[in-house]
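Have a look at the structure below, then the notes.
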RNA sequence: GCGGAGGUAGCGAAGUGGACAAACGCGGCAGCCUCAAGAGCUGUUCCCUUAGUGGGUUCACAGGUUCGAAUCCUGUCCUCCGCACCA
């Protein structure tokens, strides 16, 4: 066993015994760090390991900062893979799920993540299902859960329907097979009622990544416009269209209607067009959703023989059945304005429909014969009766008003968002608590009868819904007692994950889905950590649930997640790791070889957590070295009493704490590690040059700061260093700005360069020095000065230099520099040469050089005579004299 | 097509106007240690030179702003991601 892992075992046990990570509500300031709970599909993989290392590092940091941190974990245990595995392996989904949870949990425990395990939850537990069903009934009471017959997405491979959000490019999000449209009666959640709130409150989510907010915004897809009613000539029917461009209404030359539209058959029945339209519809229907919605496809349509009347100019225009109009967006019909809409333009060209220009750009005239594409921009209205001469923006207002006033239609808002289809025709989910009675209709299962449990003895054949067995479906109607039938659909697993974060607040609570006070204390989640793949699905649903529960007065906040952090994936050679590609790296293998803390730290070092991490086994060794160095440092018992570098070390310590703290606050774990590398290196180099007290004071912050990365090693060293456990709950080190000397690195660099030169001289002359004389001459100076000297030489423009020094220069140096330049601009290099500060510094640092070379050191100001002396003594080294 | 994020040394990855030939790690090279290998340690790693705190050319490409650009602006090319016949 790797020595690190032995230590890890020890501390994991101690943590558990002392319940270090278990938290209760209290008066301390809380912080809720939530991991997206995993779907247990087998062993922990490297992606999981990285995600949880990220969240654990952050959690531990927050905990050490003194927050009462809730960091729970659980398992999104219901779902199709378990059922499929059951069919394949002839086991029960429950057995399979329990096995995979055990495997996964083992991995999580071994890596030492600081979860409050006492709050672990599983969505397949009966009490979880009970309260989920209870929530469903509340939704049902408020008419937010309803059943309707509709065209729905059906995946033939998964044998179930899917929500719109779960269809990606016309394919199933899980198995990628093509989706078929079927008309079925299904359960929906009325998420569209919350479309506006879900959209508007995106603005509140300042700590969410911009792209996630944008994705949600696009998904909700709000557009404002008007609905306009067109009367159908010689029929009693009306066709309503939705448009965002009422300013183009005088350009309407046809009406486009979706083939599925209920009016179509009425219009053509018994006319010569009936046959043609039926044939056309047949053709379109044969094509898959993917083919039909491909943007490249040429638009096709078919004249119906009917006409509508444009209410604004009373013109008759032909009605076409058209494949490019979607039945489930807007009203399923669109007014055709070929001159100002690209699709309409293409369609009109193909079917010889007139193109009438009603919007013109301000600087030129359009000619419909010469147009190659539609003019879709704003402009000035022409050929538009009383609205001629208006700009598009004004015209949209005026025409909308006009339509409103004359009852030709009304202003309207349209959303792309559809209601959330939650029925699934599968076994391994939470049963929908509904009973169908021939007399009473839809009857909710009474609260006292919850939970509706899944029957255990079920056959998994892969055909049909396994719940469709009499022992489950045959029930008495709770209302009238007559024989009734139980709903066999289960809920989408995304329902399970839409409220689990609330359950974490009081996971054992028995009188409701969550305890109000616990939720009031812990919620909302301060930081939510997970993958970008949930940008729409889960994150939208959870927001919806929160808003609904707020309206039901069960919550007093309306957004569940204050900050969202989306991490990158772990890649190998640019590809996602997967079993089929054979490029899987097992975390277990890695930590057995390199150690648990090394693996954790390495995953935080390789890349910014937000970005993808390109995995390579090679770099991991470097981290091992680094951790070993820290161990060595804490083992070092130095007896030195010199204080040569004390003030530098103190400065370095404070600046390191500052950097690391800021980095961790912003999830820049890799940058924080770099600062820790440097600090470790510095400590190591200067072990002998600092006093014992300072050294000890400097080591402790290092251990504290490495604790979120490598908690086990940190605990071990912390204890060995004479501190009481646990470092995991020790206070995060504080820094004091006054102790940070911004120049010390420059000074140190300077000393190092001098030492290097002294060394070279020694090597050249083979003199073993007893006395070294340093002349503070032009060569030894801050880079800052050399920079300006160079600039001065280049530009010879003193006033510019002064101006820009004020603007950009190091603030502390400005007054002095300006004084110097103002006194005598031409002497500026000399002024720098004689800089008093440098001389003082060298005097201060005399001791450290003396120490290094075990020789006496004297520092002389570089006057002409001194320098001449130096040059004489050692022609190659004008500034150092060695005896 | 629309929207977003990017392109930095052999690789990974920091750096968003001034101490930048550019942190840090990996890899490479040289040295120490060792019989030897590994580990560890020290140094080095754009090019040319040097006794160098010297010179040259760099941060996708091309222009521009500035005393000064990897960093700001404009254009071009490329990569990744999301949405997409949304009226």
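Residue A:92 fails exactly one of the following numbered conditions: (1) touching a residue at least 60 places away in the same chain (Cβ under 8 Å); (2) surrounded by fewer than 21 Cβ atoms within 10 Å (Cβ to Cβ); (3) under 30 Å from residue A:726 (Cβ atoms). What is the number of that condition? Condition not satisfied by residue A:92: (3).
Listed by first and then second residue, the pairs with beta-carbon distance under 9 Å, at least 6 apart or on different chains, first residue in the range A:220-247 and under 18 Å from residue A:393 (Cα atoms), second away from RNA strand B (no atom under 16 Å from the Cβ) and part of a strand (DSSP E or B), are A:247/A:381; A:247/A:391. Checked against the criterion of being buried (at least 17 other Cβ atoms within 10 Å of the Cβ), farther than 30 Å from residue A:381 by Cβ, away from RNA strand B (no atom under 12 Å from the Cβ) and under 23 Å from the mean Cα position of the chain (by Cα), the candidates A:145, A:163 yield just one match: A:163. I need a count of the residues in the range A:437-457 that are in a strand (DSSP E or B) and more than 40 Å from the chain's Cα centre (by Cα). So the count comes out to 4. Please tell me if residue A:364 is over 22 Å from residue A:274 (Cα atoms), part of a loop (DSSP other than H, G, I, E, B) and out of contact with any helix residue (DSSP H, G or I) (no Cβ under 6 Å at 6 or more places or on another chain). When the stated conditions are applied, residue A:364 passes them. Inside the range A:40-70, residues that are within 23 Å of residue A:132 (Cβ to Cβ) and buried (at least 20 other Cβ atoms within 10 Å of the Cβ) make up a count of 2. Just one of (1) within 30 Å of residue A:132 (Cα to Cα); (2) at pLDDT below 95; (3) in contact with a helix residue (DSSP H, G or I) (Cβ under 6 Å, 6 or more places away or on another chain) fails for residue A:555. It is (2).
For residue A:662, indicate whether it is under 30 Å from the mean Cα position of the chain (by Cα) and either farther than 19 Å from residue A:52 by Cα or away from RNA strand B (no atom under 11 Å from the Cβ) (or both).
Details: under 30 Å from the mean Cα position of the chain (by Cα): yes; either farther than 19 Å from residue A:52 by Cα or away from RNA strand B (no atom under 11 Å from the Cβ) (or both): yes.
It is true that residue A:662 is under 30 Å from the mean Cα position of the chain (by Cα) and either farther than 19 Å from residue A:52 by Cα or away from RNA strand B (no atom under 11 Å from the Cβ) (or both).
Considering (1) near RNA strand B (Cβ under 8 Å from one of its atoms); (2) on the phi > 0 side of the Ramachandran plot, the lone condition that residue A:215 does not fulfil carries the number (2). If the condition is being within 12 Å of residue A:491 (Cβ to Cβ) and assigned to a loop (DSSP other than H, G, I, E, B), then the range A:120-141 contributes only A:123. Of the strands (runs of 3 or more DSSP E) lying entirely inside the range A:513-574, those carrying at least 3 residues that are touching a strand residue (DSSP E or B) at 6+ places or on another chain (Cβ under 8 Å), closer than 24 Å to residue A:199 by Cβ and more than 16 Å from RNA strand B (Cβ to nearest atom) are A:525-531, A:561-567. All conditions but one from (1) in a loop (DSSP other than H, G, I, E, B); (2) in contact (Cβ under 8 Å) with a residue 12 or more places away in the chain; (3) surrounded by fewer than 16 Cβ atoms within 10 Å (Cβ to Cβ) apply to residue A:498; the one that does not is (3).
Output the residues belonging to the range A:688-714 that are crowded, with 17+ Cβ neighbours inside 10 Å and within 16 Å of RNA strand B (Cβ to nearest atom). Within the range A:688-714, A:689, A:702, A:705, A:706, A:709, A:710, A:713 qualify. Do we have residue A:298 as more than 15 Å from RNA strand B (Cβ to nearest atom) and farther than 24 Å from residue A:390 by Cα here? For residue A:298, the condition - more than 15 Å from RNA strand B (Cβ to nearest atom) and farther than 24 Å from residue A:390 by Cα - is not met.
Residue-level check: of (1) out of contact with any helix residue (DSSP H, G or I) (no Cβ under 7 Å at 6 or more places or on another chain); (2) in a helix (DSSP H, G or I), residue A:399 misses just (1).
Taking the conditions (1) in contact with a helix residue (DSSP H, G or I) (Cβ under 8 Å, 6 or more places away or on another chain); (2) in a loop (DSSP other than H, G, I, E, B); (3) away from RNA strand B (no atom under 14 Å from the Cβ) in turn, residue A:324 satisfies each one other than (3).
Quick check on this structure: which one of A:404, A:378, A:344 is outside any helix (DSSP H, G or I), within 17 Å of residue A:225 (Cβ to Cβ) and touching a strand residue (DSSP E or B) at 6+ places or on another chain (Cβ under 8 Å)?
Details: A:404 fails: outside any helix (DSSP H, G or I); A:344 fails: outside any helix (DSSP H, G or I).
Just a single option satisfies the conditions, and that option is A:378.
Of all residue pairs spaced 6 or more apart or on separate chains, those with beta-carbon atoms under 9 Å, a first member in the range A:342-363 that is farther than 21 Å from residue A:395 by Cα and more than 16 Å from RNA strand B (Cβ to nearest atom) and a second member that is part of a loop (DSSP other than H, G, I, E, B) and at pLDDT 90 or above are A:354/A:253. Within this structure, residue A:393 fails the test of being crowded, with 20+ Cβ neighbours inside 10 Å and either at pLDDT below 95 or under 19 Å from residue A:229 (Cβ atoms) (or both).
Kindly indicate whether residue A:417 is surrounded by 20 or more Cβ atoms within 10 Å (Cβ to Cβ), part of a loop (DSSP other than H, G, I, E, B) and within 16 Å of RNA strand B (Cβ to nearest atom).
On the way: surrounded by 20 or more Cβ atoms within 10 Å (Cβ to Cβ): yes; part of a loop (DSSP other than H, G, I, E, B): yes; within 16 Å of RNA strand B (Cβ to nearest atom): yes.
Yes: the conditions hold for residue A:417.
Taking the listed residues A:569, A:577, A:562, the one that is under 19 Å from the mean Cα position of the chain (by Cα), over 30 Å from residue A:23 (Cβ atoms) and touching a residue at least 24 places away in the same chain (Cβ under 8 Å) is A:569, with no other qualifying. One residue is enough: does the range A:369-380 have a residue meeting the conditions modelled with pLDDT of 90 or more and either surrounded by fewer than 21 Cβ atoms within 10 Å (Cβ to Cβ) or away from RNA strand B (no atom under 13 Å from the Cβ) (or both)? Yes; the residues of the range A:369-380 include at least one that is modelled with pLDDT of 90 or more and either surrounded by fewer than 21 Cβ atoms within 10 Å (Cβ to Cβ) or away from RNA strand B (no atom under 13 Å from the Cβ) (or both).
Among residues belonging to the range A:606-631 that are touching a residue at least 40 places away in the same chain (Cβ under 8 Å) and more than 18 Å from residue A:48 (Cβ to Cβ), point out the one that is nearest to RNA strand B (Cβ to nearest atom). Among those that are touching a residue at least 40 places away in the same chain (Cβ under 8 Å) and more than 18 Å from residue A:48 (Cβ to Cβ), it is A:608.
Only one of (1) without any contact (Cβ under 8 Å) to a residue 24 or more places away in the chain; (2) assigned to a loop (DSSP other than H, G, I, E, B) is not met by residue A:72, so which one is it? Condition (1) is where residue A:72 drops out.
The values are calculated or read from the model by the stated rules, or taken from the named source; none is laboratory data. Just so it is clear, the structure is predicted and the values come from calculations on it, not from any experiment. All Cβ positions, glycine included, derive from the backbone under ideal geometry; neighbour counts span all protein chains shown.
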